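Read the structure below first, then the notes.
The values are calculated or read from the model by the stated rules, or taken from the named source; none is laboratory data. Please read these numbers as outputs of a predicted model, since none were measured by experiment. Counting neighbours? That spans all protein chains shown, and the Cβs are built from the backbone with ideal geometry, glycine included. All accessible areas refer to the heavy atoms of the entire protein, side chains included, with ligands and DNA or RNA removed. Shrake-Rupley method; radii C 1.70, N 1.55, O 1.52, S 1.80 Å.
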Amino acid sequence: MKQITIYRESGRFAGWPANYGIWSWDNEIVVGFTVGYHKSDAGFHRRDRDKPFTAMQARSTDGGESWSVSETPCRLPGSGSLSADEHVQANLKSQGKAEYCTPQTVDFEHPGFALMCSRTGLREGAYSWFYTSTDRCHSWAGPYQLPMFDYTGIAARTDYLITSSTECLLFLTASKANGEEGLIFCANTTDGGKSFSRFSQIGPEPEGFAIMPASVRLTDSRILVAVRCRGRSKSANKDWEQLQNWIDLYASEDSGQTWNYVNCPVENTGRGGNPPTLTQLHDGRLCLTYGFRDAPQRICAKLSDDDGKSWNDEIVLRDNGGDHDIGYPRTVQRPDGDMVTVYYFNEEPDGERFIEATLWKP
């Protein structure tokens with residue numbers, strides 16, 4: 001395994017690649033993240049809420065061996081941030097009248113295509129939008145407004161599956177009936193992204209939350225979605241520390257119209273939990289990567305050679321985390337078979353949060 005630093009600056013807080021996305025074209029890889037400022041006494045996420053977050057993207061043209069970093073070349077629909085409103089004070093959150101672009105038909109099968117989602121928050125009242133690119137993320141068209149899909153809040157992170165040149169599925173998180181996050185559902189477009197409609201809900205509304213879906217298409221009709229989950233054990237009290245966090249797996253046999261529970265690939269992701277990311281390997285196996293937020297804090301992977309019916313033992317990709325403020329990975333496979341897993345990390349509790357990649361063989 002090889003650890004590659006993508007972005008690390010003293011006094012800065014870089015985080016959450018899972019909120020933004022990763023895209024690859026052979027050995028060219030682009031990953032999104034956000035950068036704010038470090039603050040020692042800010043609690044779990046040691047970021048300064050009085051200073052803005054800036055959306056960034058990193059690009060590698062050699063399979064993740066080296067990276068260049070720049071601001072994400074996209075326009076916000078108003079003031080605020082790109083998927084980081086919950087990390088700043090009210091005066092820095094998205095506010096004022098949102099100004100969106102008129103959606104245009106896009107070719108989802110264009111060789112340089114990418115799609116990125118963004119949101120204002122996590123709960124009731126959150127709204128979301130998306131961007132498209134046909135030049136490998138060198139520029140982003142948009143923002144294009146996503147509908148509310150009859151929910152009271154939409155918290156969109158980037159997760160989509162292309163069906164054809166005009167059809168695409170988006171996997172999204174919505175607020176529950178009580179306004180809290182969250183439940184997951186699938187939306188679709190059949191007109192090249194000009195409009196989206198709710199397609200199906202994935203699983204029942206949870207007592208805790210089910211958020212941040214990560215999808216993979218195995219065949220034309222079979223889709224798997226891994227989900228970040230939180231709930232309480234029967235013996236747990238109301239303390240935050242007693243909440244349990246895990247990853248569930250759902251499957252659809254009809255291209256996302258209906259869903260069935262499969263299993264729980266990861267029974268514990270540690271304090272606060274961590275989102276999964278799913279990647280199908282060249283040889284057909286599945287790779288699930290995630291952060292583990294209890295000591296010893298680490299970045300992990302599991303492999304499946306039977307389409308997710310069972311999972312092999314955990315592989316540790318990166319250990320020695322300073323505290324539980326780590327993870328949110330994204331993973332792609334290079335043409336030579338090596339994996340590139342990107343995440344945020346820290347090596348000491350009061351140290352800067354940085355973006356790193358692990359290059360490894362599955």
*asked:* Could you give the length gained by full extension between LYS51 and GLU71, i.e. 0.36 nm per residue of separation minus their alpha carbon distance, to one decimal place?
replied: 5.5 nm
_Just to confirm, what accessible area per residue do you get for the chain at 1.4 Å probe, in whole Å²?_
40 Å²
*With only Lys, Arg, Asp and Glu charged, each at its Cβ (+1 for the first two, -1 for the last two), find how big the charge dipole of region 209-362 is about the Cα centre; round to the nearest 20 debye.*
420 debye
*Unsatisfied cross-links (Cα-Cα over 25 Å) in the set LYS2/LYS302; LYS39/LYS97; LYS97/LYS194; LYS51/LYS97; LYS93/LYS302; LYS309/LYS361*: LYS39/LYS97; LYS93/LYS302
*Mind checking the dipole of region 282-354: about its Cα centre, +1 per Lys or Arg Cβ, -1 per Asp or Glu Cβ, Debye to the nearest 20?*
260 debye
_Carbon + sulfur, % of accessible area of region 203-362 - ligands and nucleic acids excluded, 1.4 Å_ = 42 percent
*What is the Rg over Rh value, at two decimals, for region 94-145, using alpha-carbon atoms and the Kirkwood definition of Rh?*
1.03
_Pairs of alpha-carbon atoms within less than 8 angstrom and 6+ residues apart define the contacts here; what relative contact order does the chain have, in percent?_
15 percent
*asked:* Roughly how far apart, in whole Å, are the Cα centres of region 272-301 and region 141-171?
replied: 24 Å
*Would you mind calculating the relative contact order of region 61-220 from Cα pairs under 8 angstrom and at least 6 residues apart, reporting the percent as a whole number?*
18 percent
*For the chain, would you read off the P(r) tail past 39 Å as a percentage of all alpha carbon pairs?*
7 percent
_Pairwise label distance in nanometres, GLN280 with MET1, each label 7 Å out on the Cα-Cβ vector_ = 2.7 nm
_region 42-112-region 1-25 distance, computed between alpha-carbon centres (Å)_ = 13 Å
*Can you tell me what the convex hull of the Cα atoms of region 105-216 projects to on average, as an area in nm²?*
6.5 nm²
*In debye, nearest 20, what is the charge dipole magnitude of the chain about its Cα centre with +1 on Lys and Arg Cβ and -1 on Asp and Glu Cβ, if you could check?*
680 debye
